[in-house]
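First the structure, in the form of structure tokens, and then the observations on it.
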There are 4 protein chains.
Amino acid sequence: MAERRFAEGDFEARVRTSFARQRAMETIGARLTVVTPGVVEIEMPYAQRFTQQHGFLHAGVISMALDSACGYAAYSLMPADAGVLTIEFKVNLLAPGRGERFLFRGTVTKPGRTIIVADGQAYAYDGEGEAKLIATMTGTMMSVVGRRDIEG
Amino acid sequence: MAERRFAEGDFEARVRTSFARQRAMETIGARLTVVTPGVVEIEMPYAQRFTQQHGFLHAGVISMALDSACGYAAYSLMPADAGVLTIEFKVNLLAPGRGERFLFRGTVTKPGRTIIVADGQAYAYDGEGEAKLIATMTGTMMSVVGRRDIEG
Amino acid sequence: MAERRFAEGDFEARVRTSFARQRAMETIGARLTVVTPGVVEIEMPYAQRFTQQHGFLHAGVISMALDSACGYAAYSLMPADAGVLTIEFKVNLLAPGRGERFLFRGTVTKPGRTIIVADGQAYAYDGEGEAKLIATMTGTMMSVVGRRDIEG
Amino acid sequence: MAERRFAEGDFEARVRTSFARQRAMETIGARLTVVTPGVVEIEMPYAQRFTQQHGFLHAGVISMALDSACGYAAYSLMPADAGVLTIEFKVNLLAPGRGERFLFRGTVTKPGRTIIVADGQAYAYDGEGEAKLIATMTGTMMSVVGRRDIEG
């Protein structure tokens, strides 16, 4: 696992283009707010249509946004011809998904040539703008080259 | 962790009532198809609005349905006055989320009084009805009693 | 991730040779008892020198044996010139590591060309030979070819 | 999950007493070096008898020390009459366990009354004292009160 520490010049454009193709992000109302080499942030408002039985944001929606944040943090460090696939992730739910809006940050912990490990945090913001850590993720991403169905 | 092996009489009604309150399940088009003590199945059709950048079902949507399946498998074995919370889960994505419809099964592996561990499988079905295992989950659920905001 | 379903002819010899090089297995008193394509079993006796503070087998020792079982289950399906590396694993501790001896089984869930996912179970046996499931693992293994320091 | 932010006065003595009862720590040559509220560090030298087939420290040994570091980080914030149990953990192996000595740090991410989540890092040190991050853990620990077999 040789390390790749530097993002290629157009990394932000590639991340934004790929994110725009994630229909699921549009559907949950998520926006890409920060794209730097190895760190990506996504924000979304609370939405009743994505709640679980107690009225909190569903753990799966939190996972969806964290997976995209971690995946694009990894993708930002990949070569221009690579696609990104999530191999696996683990999510710990630390507090209920209660708040007005949510921020999801993905950060690359280990940049490898094939395997990239990223860690994520999810925060809930209340009406006063106070943030609370509600979930963490560790995800393993794979850089895939030369597969027509895995581009971007 | 004393074990609780038997479901209380009305477990199916309790599971179905709680599931119906998960707005996220309705939003992704998921239906509850099987509810037996310790085993729950959920099905949903492929939907473009929940895809990632390659057109596959987003890993987060797969996680959402698996989390609900595992959570309700756990809930089916809880006492009538308990609510269920997901503490954490891990998902392995084994194959792309490509198919016409998807089935998610959650099964209790370890029924404890406070902590319940459940394992899940996600299958994709193509036009001929052939099933392919696309993801697995291991989730840790908690039985919560006496909290007004965690009922069902 | 093209699938590799068949073990190469000498898989058992390769697994046994590699296992014999794991000094940690000898140190904890573990023996390789079953080696079939995609399934490997390891057994070990209870040993006080590997206990945690309550006198149970330490979760790390359970993980060690499960990791080896899952890793060799994966390795049994790899080509003869490959080495195996563990990328990550998750362990759920379901019951205390209390017993006279322990059995650890690793089974390949998803055989890929580069990435192989395996699931493991750990059982404790008491004096009457009754088995109890005490832990489960899901592990992600990687097939590595052409690296001098990763052979076998 | 009401939060418990403060360690009780004798937390360090309780952690050190419990650690001293972990025979597995003595067996792998691990020492407790740092005990502060919510953060615990453990160190151990490289030992050939705990290697895997390529001569690296076995992932299970890394997990063992990380589990103890995370578990005692959690335990340091528990009330004096509680015992600590690991419910589950996930480990990502980022680089081979190659080095002269190793440091394992566990830090509480979410202190709950019953459930405590801790994150860990493992570092390898070479002959020049250069550190390399070789593994990370996320673990879920449980505070157990009133069970005779789970004290400390």
Complete set of residues in region B:62-119 that are polar (S, T, N, Q), under 20 Å from C:PHE89 (Cβ atoms) and surrounded by fewer than 24 Cβ atoms within 10 Å (Cβ to Cβ): B:THR109
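A quick yes/no check of all residues on (1) without any contact (Cβ under 8 Å) to a residue 60 or more places away in the chain; (2) under 18 Å from A:THR86 (Cα atoms):
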residue	(1), (2)
A:GLU8	no, no
A:PHE11	no, no
A:ARG14	no, yes
A:MET25	yes, yes
A:GLY38	no, yes
A:ILE42	no, yes
A:TYR46	yes, no
A:ARG49	yes, no
Pairs, first touching a residue at least 60 places away in the same chain (Cβ under 8 Å) in region D:101-119, second charged (D, E, K, R) and assigned to a strand (DSSP E or B), C-beta under 6 Å, six or more apart: D:LEU103/D:GLU43; D:ARG105/D:GLU41; D:THR107/D:ASP119; D:PRO111/D:GLU3
Selection count where residues are of a type outside the set (Val, Ile, Thr) and buried (at least 23 other Cβ atoms within 10 Å of the Cβ), scope region B:120-150: 8
Filter result (more than 27 Å from D:PRO96 (Cβ to Cβ) and facing another protein chain (nearest Cβ under 10 Å)) within region A:93-141: A:LEU93, A:LEU94, A:ALA95, A:PRO96, A:ARG98, A:GLN121, A:LEU133, A:ILE134, A:ALA135
Qualifying positions in region D:48-77 - more than 9 Å from chain C (Cβ to nearest Cβ) and closer than 26 Å to C:THR136 by Cβ: D:ALA69, D:CYS70, D:TYR72, D:ALA73, D:ALA74, D:TYR75
Criterion (farther than 19 Å from D:ALA24 by Cβ and basic (Lys, Arg)) met by exactly one of C:ARG31, C:ARG49: C:ARG31
Failed item, numbered, when A:ALA47 is tested on (1) at pLDDT 95 or above; (2) more than 20 Å from A:ALA131 (Cα to Cα); (3) surrounded by fewer than 21 Cβ atoms within 10 Å (Cβ to Cβ); (4) out of contact with any strand residue (DSSP E or B) (no Cβ under 6 Å at 6 or more places or on another chain): (2)
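The values are calculated or read from the model by the stated rules, or taken from the named source; none is laboratory data. Since the structure is predicted, the reported quantities are computational estimates derived from the model, not experimental observations. Here the Cβ is made from the backbone with ideal geometry for all residues, glycine too, and neighbour counts use every protein chain on show.
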